[in-house]
Amino acid sequence: DPGGYWYCADWSNTSKNPVKFIPAFGKGDGKESEILYIKRSCKINPVFALPDWFSGLQYCFMEEEMSNFYLNHIMNSFSVGTIVNINQGASADEDAMDEAERNIKSKLTGSGGDTVMISYNDNKENATTIEKIEISDSYSKFEFVSKESQQKIMQAHKVNDPSLFSIVSSSGFSSTSDQMVTSLKILYRNQIKPIRATLLDSLQKVFDKANVYGVKFIDFEELRTPELKQPAQEA
């Protein structure tokens, strides 16, 4: 284990944010702050362990980019892009061309940015044509990516039942409440309980310093087992 950690509030600007060394827990002089680093075992990166949900990180980025795309799509009047062809040749007056371009874009561009391209073409026909840039079969593609990202993020967090997080899913249970309790117990056994054990084992080092023992988590109400009453002792 390392003897301590270098800390800086902003590593990109160390001139304004001084770098300081903080000893690891139990390795200081007892008069300064110390850092207790709690981590799971990780063979790939034993010093700074990768989180167990690391496999879903790329899908989280996909969800973020999908959200940005939908927002820009709405702010750009639901248009992926537009090409305006002015078939009368370019004008010698660049200022007049710039003004015309601004006027056209102000009418076709939404609040999300510029998705309009103006093209001046030498052509005998003095007509202005507008072409929309569309993505073929976009709805099914976006729907697939959205569902796939959601599923992979859930899997990375070991979620066995999306309904625990208010995501509707079909199941073979006759009762939603029965499904929730059963799913919660499985999630508790496979994911929550091991994390609790890791935290308590590590934090006990701190509790020992304060002579505190027997610290434990309080279970969800659905997971609490009713205490069995002891039979009365005869005098």
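The values are calculated or read from the model by the stated rules, or taken from the named source; none is laboratory data. What you are looking at is a predicted structure, and each value in this text was computed from that prediction instead of being measured. Quick reminder, even Gly has a Cβ in these numbers, built from the backbone with ideal geometry, and neighbours come from all protein chains shown. These area figures cover heavy atoms from the full protein model, side chains too; ligands, DNA and RNA do not enter into them. Shrake-Rupley method; radii C 1.70, N 1.55, O 1.52, S 1.80 Å.
For a 31 Å ceiling on Cα separation, which of these pairs sit above it: LYS39/LYS152; LYS20/LYS152; LYS185/LYS209; LYS39/LYS141; LYS16/LYS193? It would help to have the intermediate numbers written out before the result.
Numbers: LYS39/LYS152 23 Å; LYS20/LYS152 39 Å; LYS185/LYS209 34 Å; LYS39/LYS141 38 Å; LYS16/LYS193 42 Å.
Pairs exceeding 31 Å: LYS20/LYS152; LYS185/LYS209; LYS39/LYS141; LYS16/LYS193.
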If I stretch the segment between SER33 and HIS157 completely, what's the gain in nm (0.36 nm per residue apart, minus their alpha carbon distance), one decimal? 41.4 nm
Largest first, what is the accessible-area ranking of TYR70, TYR5 with a 1.4 Å probe? TYR70, TYR5
Restricting things to Cα coordinates, could you compute the convex hull volume per residue of the stretch 1-53 in Å³? 109
Simple label model, 7 Å out from Cα along Cβ direction - VAL215 to ALA100, nm: 7.4
Return the long-range amide H neighbours of ILE35 (sequence gap of 5 or more, or a different chain), with a cut-off of under 5 Å between placed amide H atoms. ALA24, PHE25
Which order do peptides 35-43, 58-66, 9-17, 148-156 fall in by mean Cβ count within 10 Å, highest first? 148-156, 58-66, 35-43, 9-17
